[in-house]
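Peer 1: Below you will find the structure I want to go over with you.
The values are calculated or read from the model by the stated rules, or taken from the named source; none is laboratory data. Predicted model only: the values in this text are computed from it and were never measured. Cβ placement follows ideal geometry from the backbone for every residue including glycine, while neighbour counts extend to all protein chains displayed.
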There are 2 protein chains.
Amino acid sequence: MTTTSPQGRTELLRPDGSPVRVLVVDDEQSITELLSMALRYEGWQIRSAGDGTGAVQTAREFRPDAVVLDMMLPDMDGLAVLGRLRRELPDVPVLFLTAKDALEDRIAGLTAGGDDYVTKPFSLEEVVARLRGLIRRSGAADRRSDSTLVVGDLMLDEDSHEVSRAGDNIHLTATEFELLRFLMRNPRRVLSKAQILDRVWSYDFGGQANVVELYISYLRRKIDAGREPMIHTRRGAGYLIKPAA
Amino acid sequence: MTTTSPQGRTELLRPDGSPVRVLVVDDEQSITELLSMALRYEGWQIRSAGDGTGAVQTAREFRPDAVVLDMMLPDMDGLAVLGRLRRELPDVPVLFLTAKDALEDRIAGLTAGGDDYVTKPFSLEEVVARLRGLIRRSGAADRRSDSTLVVGDLMLDEDSHEVSRAGDNIHLTATEFELLRFLMRNPRRVLSKAQILDRVWSYDFGGQANVVELYISYLRRKIDAGREPMIHTRRGAGYLIKPAA
DNA sequence: TGTGTTTCTCAGGCAATTCACAGGTTCCGC
DNA sequence: GCGGAACCTGTGAATTGCCTGAGAAACACA
């Protein structure tokens with residue numbers, strides 16, 4: 001089932017109307033906290049664990065609908081944790097967190113079963129989007145919830161990563177896509193540059209805040225060029241997207 | 001739940017009808033006092049703490065619905081305080097106070113979970129508005145409360161920062177917007193220039209008092225021009241806004 | 001390794017915004 | 001009707017915030 005939150009965003013719910021449950025497993029507390037914050041904001045119920053043993057225990061009693069699992073844990077190998085989790089929760093989808101250079105082929109094999117992964121450092125938008133995808137496809141939430149965001153004549157498909165305006169296909173780079181997704185998930189709402197940076201860029205990004213301006217400018221070139229603009233600047237406050245009308 | 005106070009203002013209440021609780025954490029007593037006064041005036045119940053230890057203790061027994069947290073505390077780092085607060089109160093939204101120049105380094109990730117921040121020196125209107133937004137979105141208060149202020153045919157949306165009169169869109173600058181928001185949150189009530197200066201301008205503003213007159217004049221040009229005026233001067237007392245009728 | 005793509009920094013330019021100042025207008029008591 | 005206080009608003013200067021071109025660095029992929 002999907003429902004509309006007071007913010008106007010669409011959130012996933014389980015068939016019985018209760019919130020989706022997600023277990024977050026990572027040994028760095030700053031990461032579990034960051035993820036917990038962001039995922040709670042999605043309206044989900046979160047538990048976290050710092051090692052494999054704790055993960056299995058928590059999973060047993062918490063019965064999550066999805067798991068975020070760091071492959072690098074102090075007490076056991078990621079695969080071992082996965083094995084034990086699977087014994088408790090055979091059908092629950094897992095989102096793996098891995099270091100970029102540790103991108104071994106074994107991950108590729110793991111995701112064949114419908115699981116997914118993101119590399120550290122990740123952006124929150126990416127984690128949230130992938131989790132939504134996993135949960136949606138696993139059937140824990142209502143399957144009718146679909147993967148297309150629509151604002152005016154602008155459409156963005158989260159599964160195929162296709163974007164079009166008034167029927168014309170538009171090619172976006174990865175960052176442009178995430179930025180647009182964030183805007184479109186919060187239509188008619190002013191988003192500050194800090195908010196955008198926090199959600200769309202990875203958590204260790206240390207650069208200039210004006211990348212946001214730059215990417216807004218890129219998006220405008222591709223989306224608004226020669227049409228009624230949909231992306232608006234609220235000077236001193238941030239940016240927002242809304243139907244052209 | 002929202003209700004209308006004897007003063008005619010709309011205030012947030014918790015679902016059980018009791019007042020919203022806010023914890024204010026700052027080491028400068030002048031700041032906690034300033035904030036406590038302003039927030040009490042909103043009808044909220046306030047406690048304050050001057051350091052991280054006190055904050056965690058107070059949070060434990062006071063169970064606030066929102067926290068205002070200075071990131072610069074004497075005894076612990078702001079992030080450490082945040083971590084401990086989160087362990088006590090996982091779902092409570094936090095409004096961070098930060099120095100303007102500290103914006104680059106530390107802020108990363110702070111707004112990610114739906115939290116928010118304001119930079120020092122802030123205006124009270126801004127703090128109150130953001131807190132209301134956080135509380136509204138967190139669901140501590142009734143979800144029906146929405147983000148639009150209406151006075152007569154004048155509408156102001158706090159999410160999209162859009163303002164319209166009789167359907168016509170009106171563009172306001174940041175300061176004009178805050179001034180109008182303050183007026184509209186106190187309709188039919190005379191607000192003195194001193195009150196306006198204290199609420200809308202930042203607490204360290206040292207300029208001429210006649211900026212208020214100036215900005216009232218700007219607002220009139222945009223809102224009342226060629227229509228029944230809604231902004232009225234009470235000579236010797238202040239200004240008030242009310243429906244044109 | 002080479003080529004095209006993507007990400008990001010830097011800095012110049014421009015326009016919006018804020019605010020002080022000062023002269024003009026309105027109001028009110030007498 | 002007069003004078004002074006309170007208020008209004010035009011002008012312009014300083015500042016701020018935003019936009020965008022150019023190019024360097026990182027990356028992806030053959």
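Peer 1: Would it be correct to say that A:Thr148 is more than 10 Å from every other protein chain (Cβ to nearest Cβ), within 13 Å of DNA strand D (Cβ to nearest atom) and under 26 Å from A:Gly43 (Cα atoms)?
Peer 2: For A:Thr148, the condition - more than 10 Å from every other protein chain (Cβ to nearest Cβ), within 13 Å of DNA strand D (Cβ to nearest atom) and under 26 Å from A:Gly43 (Cα atoms) - is not met.
Peer 1: I need a count of the residues in region A:178-228 that are part of a helix (DSSP H, G or I) and without any contact (Cβ under 8 Å) to a residue 12 or more places away in the chain.
Peer 2: 5
Peer 1: Going by the structure shown, is B:Arg185 under 23 Å from B:Glu42 (Cβ atoms) and more than 10 Å from DNA strand C (Cβ to nearest atom)?
Peer 2: yes
Peer 1: Taking B:Thr175 and the conditions (1) within 16 Å of DNA strand D (Cβ to nearest atom); (2) free of Cβ contacts under 8 Å to residues at least 40 places away in the same chain; (3) within 14 Å of chain A (Cβ to nearest Cβ), which numbered condition does it fall short on, given that it satisfies the others?
Peer 2: If we test B:Thr175 against (1) within 16 Å of DNA strand D (Cβ to nearest atom); (2) free of Cβ contacts under 8 Å to residues at least 40 places away in the same chain; (3) within 14 Å of chain A (Cβ to nearest Cβ), just (2) comes out false.
Peer 1: Exactly one of (1) surrounded by 14 or more Cβ atoms within 10 Å (Cβ to Cβ); (2) more than 10 Å from DNA strand D (Cβ to nearest atom); (3) more than 28 Å from B:Val118 (Cβ to Cβ) is unmet by B:Gly226. Its number?
Peer 2: For B:Gly226, the failing item is (1).
Quick grid of which residues meet (1) within 14 Å of another protein chain (Cβ to nearest Cβ); (2) closer than 30 Å to B:Ser147 by Cα:
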{"position": "A:Arg14", "(1), (2)": "no, yes"}
{"position": "A:Gly17", "(1), (2)": "no, yes"}
{"position": "A:Asp26", "(1), (2)": "no, no"}
{"position": "A:Leu35", "(1), (2)": "yes, yes"}
{"position": "A:Ala38", "(1), (2)": "yes, yes"}
{"position": "A:Asp51", "(1), (2)": "no, no"}
{"position": "A:Arg60", "(1), (2)": "no, no"}
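Peer 1: Just to check your reading of the model, which residue among B:Ala244, B:Ala194, B:Ala166 is at pLDDT below 95 and more than 13 Å from DNA strand C (Cβ to nearest atom)?
Peer 2: When all the criteria are applied, what remains is B:Ala244.
Peer 1: Then there is this: Condition first: among the polar types (S, T, N, Q), in contact with a helix residue (DSSP H, G or I) (Cβ under 9 Å, 6 or more places away or on another chain) and away from DNA strand D (no atom under 11 Å from the Cβ). Can you find one or more residues in region B:202-220 that meet it?
Peer 2: Yes, some residue in region B:202-220 is among the polar types (S, T, N, Q), in contact with a helix residue (DSSP H, G or I) (Cβ under 9 Å, 6 or more places away or on another chain) and away from DNA strand D (no atom under 11 Å from the Cβ).
Peer 1: Another question about this same structure. Out of the residues in region A:156-189 that are under 21 Å from A:Arg137 (Cβ atoms) and in contact with a Gly (Cβ under 9 Å, 6 or more places away or on another chain), state the one that is surrounded by the fewest Cβ atoms within 10 Å (Cβ to Cβ).
Peer 2: Filtering first and then ranking leaves A:Asp159.
Peer 1: Let me ask something additional. Would you confirm, using the coordinates I've provided, whether A:Ile46 is more than 21 Å from A:Leu13 (Cβ to Cβ) and within 14 Å of chain B (Cβ to nearest Cβ)?
Peer 2: When the stated conditions are applied, A:Ile46 does not pass them.
Peer 1: Identify, from the list B:Val68, B:Val25, B:Val20, the residue that is in contact with a Phe, Trp or Tyr (Cβ under 6 Å, 6 or more places away or on another chain) and surrounded by 21 or more Cβ atoms within 10 Å (Cβ to Cβ).
Peer 2: B:Val20 is the lone residue from the list that is in contact with a Phe, Trp or Tyr (Cβ under 6 Å, 6 or more places away or on another chain) and surrounded by 21 or more Cβ atoms within 10 Å (Cβ to Cβ).
Peer 1: Just for strands (runs of 3 or more DSSP E) wholly inside region A:33-99: which have at least 2 residues that are in the same structural domain as A:Phe122 (by TED's automatic domain parsing) and in contact (Cβ under 8 Å) with a residue 60 or more places away in the chain?
Peer 2: A:66-70
Peer 1: Looking at (1) more than 21 Å from A:Glu126 (Cβ to Cβ); (2) loosely packed, with under 14 Cβ neighbours inside 10 Å, find the lone condition where A:Gly206 falls short.
Peer 2: Result: A:Gly206 passes all but (1).
Peer 1: Now a separate question. What are the residues in region B:225-241 that are under 20 Å from B:Leu172 (Cβ atoms), aliphatic (A, V, I, L, M) and modelled with pLDDT of 95 or more, if any?
Peer 2: Across region B:225-241, the qualifying residues are B:Met230, B:Ile231, B:Leu240, B:Ile241.
Peer 1: Limited to region A:46-73, what total is found for residues that are among the hydroxyl-bearing types (Ser, Thr, Tyr) and under 20 Å from B:Pro90 (Cβ atoms)?
Peer 2: So the answer is 2.
Peer 1: Could you pull out the residue among B:Leu156, B:Leu180, B:Leu134 that is in contact with a strand residue (DSSP E or B) (Cβ under 8 Å, 6 or more places away or on another chain) and farther than 28 Å from B:Ala237 by Cα?
Peer 2: Going through B:Leu156, B:Leu180, B:Leu134 in turn, the sole match is B:Leu134.
Peer 1: Looking at (1) under 25 Å from B:Pro64 (Cβ atoms); (2) in a loop (DSSP other than H, G, I, E, B), which one does B:Arg132 not meet, given that it meets all the others?
Peer 2: It fails just one condition, (2).
Peer 1: Those residues that are out of contact with any helix residue (DSSP H, G or I) (no Cβ under 6 Å at 6 or more places or on another chain) and within 14 Å of DNA strand C (Cβ to nearest atom), I need them from region A:221-237; list them, please.
Peer 2: Once the filter is applied, which keeps residues that are out of contact with any helix residue (DSSP H, G or I) (no Cβ under 6 Å at 6 or more places or on another chain) and within 14 Å of DNA strand C (Cβ to nearest atom), region A:221-237 yields A:Arg221, A:Lys222, A:His232, A:Thr233, A:Arg234, A:Arg235, A:Ala237.
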